Amino acid sequence: MRNKSILLVGGTGYIGLELYRQWNPGNTICYTGRRSPSHVTPEELEDYRYLDLGVKESIHQVLRERVYDYIICLAARVQIDMQSSPTTLSKGDVLYDCNVEGLKSFMEIAKETPSRIIYFSSMTVYDKNNLSPVKEDSFLFPFHTYGQSKMLGEKKFAESLESSTASGAIVRIPGIFGGKRQGGYIHHIVQKLRSEEPVFLDVGGVVYWETLYIYDLISMLKEWMEGYPWGDSSCEIFNLCYGQETDFVGTAHSLKKLLGSTSTISLSEAPSYGVFYMDNTKVRQYWSPHQTYDYRAALRRYIHDSLV
């Protein structure tokens, strides 16, 4: 992807800055946030723009700067309480104000642009009891408030495009690992395995964990954006993922083998979680036929890249 103008809304976060750094050469990219990032270079800071979804003038100011080929909506509050019922989300909650009302405010203005707008959603919108691999038209029933906020955000996003000069699409992603992220399940497991420390896995209530390497996400997204026949007639939904079954405990053992570690791996209890992963048949038609994405290969690359 070259010579494109791209706006990353909420681009000061983990995924946004990785997208910015990968695509910045050869493109004109601005990334936004409510606060100026402290962990970027002076040159990178020049592309930062202040934007608060709750301040409409800040939205107008950024969108007046130029006409963007693509606008990618990444802005979201991530606050997951595995004990919460989906019915606990309501107006006034932080998640609702940002992920639903904030998105709505942004789209009320952005829909009048000729841009191609992409909304980043989450696999957490799906009912965890769906038959895997989970397709885009599978039943939605988030079991925590973050997932519900993303589901409602999808609805607001699609509604805003019904009378719009912009075109748009929704991408749903699983948890992401790699890059500059110094946290998460895979990162912590690798750290312990490299230190030859015992690994204890709490498998109670496991449903989601990171199953997509950040650089594969960026490549998948780029290929889809370039190949997708953008139009204004509908707001399609795509799963960005490997389309492969993964296993929480199995991932730890795979990492142990790849690292040649002698660490012991123990579990809190016998695993009772089910199989849950997304189908990528729909998005795969826009990828190069010579491109392959594989979860286990991604784990190998992550281990290699984290040593560099």
Just to check your reading of the model, which residue among Glu236, Glu245 is out of contact with any helix residue (DSSP H, G or I) (no Cβ under 7 Å at 6 or more places or on another chain), modelled with pLDDT of 95 or more and closer than 19 Å to Tyr119 by Cβ? Glu236
Would you mind finding the one in Gly175, Gly179, Gly147, Gly168 that is closer than 24 Å to Asp216 by Cα and either in contact with a Pro (Cβ under 7 Å, 6 or more places away or on another chain) or free of Cβ contacts under 8 Å to residues at least 60 places away in the same chain (or both)? Gly175
If you take the residues of the range 147-176 that are charged (D, E, K, R) and outside any strand (DSSP E or B), which of them is modelled with the lowest pLDDT? Glu162
Condition test on Thr88, is it among the hydroxyl-bearing types (Ser, Thr, Tyr) and closer than 25 Å to Leu221 by Cα? no
Filter the strands (runs of 3 or more DSSP E) completely within the range 177-260 down to those with at least 2 residues that are more than 18 Å from the chain's Cα centre (by Cα). 199-201
Would you check if there is a residue in the range 177-197 being under 28 Å from Met107 (Cβ atoms), surrounded by fewer than 17 Cβ atoms within 10 Å (Cβ to Cβ) and touching a strand residue (DSSP E or B) at 6+ places or on another chain (Cβ under 7 Å)? no
Yes or no: the range 17-28 includes at least one residue that is within 22 Å of Pro114 (Cβ to Cβ) and charged (D, E, K, R). no
Go through the range 272-308 and give me each residue that's crowded, with 16+ Cβ neighbours inside 10 Å and among the hydrophobic types (A, V, I, L, M, F, W, C). Phe276, Met278, Val283, Trp287, Ala298, Leu299, Ile303
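The values are calculated or read from the model by the stated rules, or taken from the named source; none is laboratory data. Everything numeric here is computed off the predicted structure, so don't read it as measured data. Positions of Cβ are generated from backbone atoms using ideal geometry, with glycine treated the same way; all protein chains shown enter the neighbour counts.
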